[in-house]
Each structure stands twice: as C-alpha cells, then as structure tokens.
Amino acid sequence: MKWPGKGAYGVVLVSLLLTLSASCAIVPKKVRGYAVGFREVGMASWYGPGFHGRKTSSGEVFDMHGFTAAHRTMPFGTYLKVTDRENGRWVRVKVNDRGPFIRGRILDLSYGAAKALDMIGTGTAAVEIHVVGREEDLARVVRKKGTERYTVQVGAFVQKENALNLKQSLERRYQPVYIVIFDTPDRNYYRVRVGNLSTEKLADQLASRLNTQEKLETFVLRED
C-alpha cells in the first residue's frame, strides 16, 4: 500500500481534527444558567386554549398564539431555537413558564410555536433545543446572580386531602415540604414540592433519593 506524502497526510490530519472539534462542540458543557450554545434533545409537547390569558409562572400573561415555552429549570427570559428533528422546521421562543410535568418531555410549547413546527396534530415531536440568548431586562424583580433556588415536585392532586396526606408523610423525613395550588379553568391542582436548594445538582440528588426511597415520580424545578 502506498502511503500519502507528508503534505497529503497533513491535510488529512487537519481535516480530521476539525471534524472532531466540530462534533465535540455540538453539545457544550452545561453550566449554571444554561449558557448560550447549550443544546438538549428530547420530546416536546404543547399547550394552549385552557391557559390563554392566564398568568404563567414568570408572571407574564400566557398568549397561546405567541412564541413561548415552558421548561422546568431554564431561567425565565431564555431564548431558544427549537428545531423539529423530523421535518426540519424551527422556531424561536422565550421561556416564561414551568413544565412540562410528564416524564420523558423536556419542553412545552405555546400553541403558536407548535403550529409553526406543524406538531398540533401529533401533540408531541422530537426536537433539539438550542439556547441562543437571554432577556436580561425582564418586567419583574430579577434575582441576583447566585441566589436562584431549586425544588422537587413529587405529586399533583385534584383532591387537596391527598396532597396533605403526602405532605404530612414526607415531613417526617424531609424539610421543607409545601403545597402549591395551580388553578385551571376546570379544576385546581395541589402540587406537592420538597426542598429549597441552592443548586440544580443538589436538587437532582434529592429527586433521585425521593424516587428511589419513596417511589415517587419527581421533577426538578427552578423557583424564580
């Protein structure tokens, strides 16, 4: 076999290094606050009519025809490019709500954003989300950097008594345990949450413990 000369070898080597470098840059290291460039792949769903005109977790009024999204831990005001991995369509949205609360989903899109991706009929879609910017001047009191808090949601009940029973059971081993009331046009939901933690890593550890020892389905949430 005849090996290429030094010049050809150098070109091949440089090309290989550039290819490896590009592939490694696809998923940059996650840092606190989800830096610009952060990417995540998973399933997205959408929500709309039942929440139109109501306040989101950020305090903004939800516009189902707008281009917004709910994420469990990304800071409010984070801008995302959301690409449908099947049809290649993409849309730019702002995170202004918390959710989704269904295992296996990473993002809840507004009706308008979901329509742009052509996923209304299917209800869900495989997407890639890419952090492209941050809205620094929000119309709310912004927490100082490093003062964000995290908690773990362990249940959501229609019956308040069921939520109270779980809360009382967990309070013997965990603190704090509290209930957040989420009202919808149809009914109220009583969400049970555990912990008041300074980092997402600590919240992940608590979620794992609650899942393993208490057999509870858990969702880590950023509290803003």
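Computed from the coordinates by the stated procedures, all read-outs in this text should not be read as laboratory data. Please read all numbers here as calculations on a predicted model, not as lab measurements. Cβ coordinates were reconstructed from backbone atoms using ideal geometry, including for glycine residues, and neighbour counts include every protein chain displayed.
With a cut-off of 10 Å between beta carbons, the residues surrounding Asn196 carry a summed charge of +1, where Lys and Arg count +1 and Asp and Glu -1. Extension gain for the segment Gln205 to Val41, taken as residue separation times 0.36 nm less the Cα-Cα distance, is 56.8 nm to one decimal.
Charge tally for Phe157 (other residues, Cβ to Cβ under 11 Å; Lys, Arg +1; Asp, Glu -1): +3.
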